[in-house]
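Here is the structure we will look at, set down as structure tokens.
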Amino acid sequence: MSPNRAVVRYFVSYAHKDDRLKRALLERLHTRLSIATGFSFQPWDDQRLLVGQEWSAGILAAIGACDFGLLLLSPEFLASPYIRGVELPALVSGKRLVPVELKPLRFDGSMDMAGLDRLQIFPGPLGKAFSTLRSSAAQDKFADDLFAQIVQIARAGFPPVPCRSLPCAP
């Protein structure tokens with residue numbers, strides 16, 4: 001790592017049922033983030049937990065140490081009691097959120113979006129969720145555009161979203 005590259009830690013929040021899609025997106029995104037000018041992006045997800053480690057404490061420690069939370073949104077993400085009850089409250093209390101539409105969501109009020117629908121959610125270059133993109137070129141474009149957004153936010157210093165706009169920790 002070059003000494004003039006700022007270290008940026010990010011926490012990946014996702015539903016385990018979406019692991020295949022998460023890996024497909026993050027493989028592309030990590031490649032791009034690894035060559036970002038001026039930044040050294042360091043991801044963390046629960047795959048970094050060691051056997052025998054208390055997983056909830058490890059997750060909360062990683063959230064506390066991160067600069068932003070990368071939220072890979074899907075119906076399964078929104079239905080996860082752990083994400084809604086532990087991860088989101090910890091992230092919302094002072095971290096910048098980067099919500100990404102991994103799978104299609106309904107923004108017509110029929111889904112409880114846990115307040116995340118008040119944020120600009122990254123929908124991809126064609127306004128489509130990552131899972132709907134079939135070609136490698138379209139998936140690469142999605143990662144390219146997400147990379148550009150993350151770098152733009154990093155240059156701004158990751159200002160957190162005010163807690164009043166989201167459901168905060170109880």
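Would you mind working out the magnitude of the charge dipole of the chain relative to its Cα centre, with +1 at each Lys and Arg C-beta and -1 at each Asp and Glu C-beta, to the nearest 20 Debye? Working shown, then result.
On the way: 20 positive and 16 negative charges, 61 e Å.
Result for the chain is approximately 300 debye, rounded to the nearest 20.
Going from most exposed to least, what order do ASP67, ASP18 have by accessible area with a 1.4 Å probe?
Details: ASP67 55, ASP18 0 Å².
Result of the area sort, largest leading: ASP67, ASP18.
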Compute, for LEU116, the solvent-accessible surface of its heavy atoms (probe 1.4 Å) with the complete set of protein chains present, and express it in square angstrom to the nearest 10. 0
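Taking a ≥ b ≥ c as the square roots of the eigenvalues of the Cα gyration tensor of the range 75-147, is the shape rounded (a/c under 1.5), prolate (a/b larger than b/c) or oblate?
Taking the square roots of the gyration eigenvalues as a ≥ b ≥ c, the range 75-147 is prolate.
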Rounded to the nearest 10 Å², what accessible area does LYS141 have for a 1.4 Å probe in the complete protein model? 100
Mean ellipticity per residue at 222 nm, deg cm²/dmol - from DSSP H runs of n ≥ 4 across the chain, formula -39500 (n - 2.57): -10500 deg cm²/dmol
For the chain, treating each Cα as an identical point scatterer without solvent, what Debye log10 I(q)/I(0) comes out at q = 0.09, 0.16, 0.19 1/Å? -0.29, -0.97, -1.39
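Work out, step by step, the length gained on full extension between LEU126 and SER40: first 0.36 nm times the residue separation, then minus their alpha carbon distance; give nm to one decimal. Let's see the in-between values first.
Numbers: separation 86, 0.36 × 86 = 30.96 nm, distance 2.82 nm.
Value of the extension gain: 28.1 nm.
Find, to one decimal place in angstroms, the Kirkwood hydrodynamic radius of the range 27-128, where the mean of 1/r is taken over every pair of different Cα atoms and then inverted.
Working: mean 1/r = 0.0660 Å⁻¹.
15.2 Å is the Kirkwood radius here.
The values are calculated or read from the model by the stated rules, or taken from the named source; none is laboratory data. Fair warning: this is a prediction, and the values are worked out from it, not measured in the lab. Here the Cβ is made from the backbone with ideal geometry for all residues, glycine too, and neighbour counts use every protein chain on show. We work out accessible area using only protein heavy atoms, side chains counted, and drop any ligands, DNA or RNA first. Shrake-Rupley method; radii C 1.70, N 1.55, O 1.52, S 1.80 Å.
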